[in-house]
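A short worksheet on the structure shown next.
Nothing in this text is a laboratory measurement; each read-out follows from the coordinates by a stated rule. Computed from a prediction, not measured in an experiment: that's the story for all the values here. Backbone-built Cβ (ideal geometry, glycine too); neighbour counts: all protein chains shown.
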Amino acid sequence: MEIVIRPDYDGLSDTACSIVRAELARKPDLVLGLATGRTPLGLYERLRKSGDSFAKVRFFDLDEFYGLGPSHPDSFQHFLRTRFLDPVGAAPGNVRLLRGDVADLEAEARDYEEAIRGAGGIDLQILGIGRNGHIGFNEPGSSLGSRTRPKTLTPEVLAHYVRDIDPLSRMTSFALTMGVGTIMEARKLLMLACGPEKADIVRQFVEGPITAEVPASMLQLHRSAVVVLDEAAAAGLKRRDYYKWVFENKWRVGQK
Ligand code: PGA
């Protein structure tokens, strides 16, 4: 895992944007896994303004609320289409996002895995992290080998996203999520975390044990995972100064 610590959210978004653009320059038909949430918004804004062509890029996403179709304003699909995919001119045939409004969630999950395989696998997966350590909607206790599947959300996570809905209602307590095992198969992972409220979980997943209690800790086993943090999210890391030194000096051994 490479840990990159930037002074603030703008710096984090700039670095994340450079990483995505470098992958896109290398492979114009990149298979890109998107994340929702507040954290990647600065990245998406910069990519929208970059002028790069996303015409050949193939897109997937991490998760979706059960029961919400693409046109529902609270759906992740709606979020990604309005904030990113439509503005960058994604080709409709290149976009395969999870649907929460299907009758058979298991069939949707199987079909999604098949679509990822059909695209040749994900080249770059963008990730955020929940304060409970989830990636996608893989809540604490999720199998570290899991595949795309329906998942029950924790009340805390539901409350974070859907303020006005009864957390026990069947419609909103479930989601579809890419599994931890599915995420781990992406060739490169780009995790973003910012703000003091993420400092404790960042310390746990970067420097703590690998455990299903903190699903993001699986990134420690990935061969090409970059974690971009702002100073506030990095505040609890023991080896903070070391990570900064590596980032500033790795060019000495020919690394970008
Ligand atoms: P956030 O969400 O970017 O809004 O903090 C991240 C997550 O819960 O995965």
Most mobile listed residue (188, 151, 49) in the chain, GNM with C-alpha springs under 10 Å: 49
Let me make sure I get this right: for the chain, a, b and c are the square roots of the gyration tensor eigenvalues over alpha carbons, sorted descending. Under 1.5 in a/c it's rounded, otherwise prolate if a/b > b/c, else oblate. Which is it? oblate
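Roughly how many debye, to the nearest 20, is the charge dipole of the chain about its Cα centre, given +1 on each Lys and Arg Cβ, -1 on each Asp and Glu Cβ, and no other charges?
920 debye
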When you count, for each residue, the other Cβ atoms within 10 Å and take the mean per peptide, how do 122-132, 212-222, 98-108, 70-80 rank with the highest first? 122-132, 212-222, 70-80, 98-108
Whole-Hz ³J(HN,Hα) from phi, Karplus 6.51 cos²θ - 1.76 cosθ + 1.60, for segment 106-122, glycine and proline x: 5, 5, 4, 5, 5, 5, 5, 4, 5, 5, 5, 4, x, 7, x, x, 8
Residue-normalised 222 nm signal for the chain, counting each DSSP H run of n ≥ 4 as -39,500 (n - 2.57), nearest 500 deg cm²/dmol, is -9000 deg cm²/dmol
Using 19 Å as the cut-off for backbone N distance, which residues of segment 123-162 belong to the label zone defined by a point 7 Å from the Cα of residue 2 along Cα→Cβ? 123-128
Going residue by residue through segment 214-230, the Karplus relation 6.51 cos²θ - 1.76 cosθ + 1.60 with θ = phi - 60° gives ³J(HN,Hα) values, rounded to whole Hz and with x marking Gly or Pro, of 10, x, 5, 5, 4, 4, 4, 8, 7, 6, 9, 10, 10, 10, 9, 10, 8
Find the relative contact order for the chain and round it to a whole percent, using C-alpha pairs within less than 8 Å whose residues are 6+ positions apart. 25 percent
Between residue 25 and residue 53, what length comes free when the chain is fully extended (0.36 nm per residue of separation minus the Cα-Cα distance, one decimal in nm)? 9.1 nm
How many nm is it between the label spots at residue 45 and residue 114, if each spot is 7 Å from the Cα in line with the beta carbon? 4.1 nm
Given 0.36 nm per residue, what is the gain on full extension from residue 223 to residue 245 after removing their alpha carbon distance, in nm? 5.9 nm
Distance check, please: which entries in 151/244; 49/250; 49/151; 188/256; 56/198 exceed 27 angstrom between their Cα atoms? 151/244; 49/250; 49/151; 56/198
Considering only 44, 243, 112, give the residue with the highest GNM mean-square fluctuation for the chain, with springs between Cα atoms whenever their separation is below 10 Å. 243
When 1, 184 are arranged by how many other beta-carbons sit within 10 Å of their Cβ, fewest first, they go 1, 184
For segment 197-256, averaging the sequence separation of alpha carbon pairs under 8 Å that lie six or more residues apart and dividing by its residue count, the contact order in percent is 36 percent
With θ taken as phi - 60° and the coefficients 6.51, -1.76 and 1.60, list the Karplus ³J(HN,Hα) couplings across segment 86-102 in order, rounded to whole Hz; mark glycine and proline as x. 5, x, 8, x, 4, 6, x, x, 9, 10, 10, 9, 5, 10, x, 9, 8
Which of 246, 57, 202 ends up with the largest GNM mean-square fluctuation for the chain, with Cα atoms connected below 10 Å? 246
Long-range amide H contacts for residue 174: which residues qualify at under 5 Å (H placed 1.01 Å from N, peptide plane, sequence gap of 5 or more or a different chain)? 66, 153
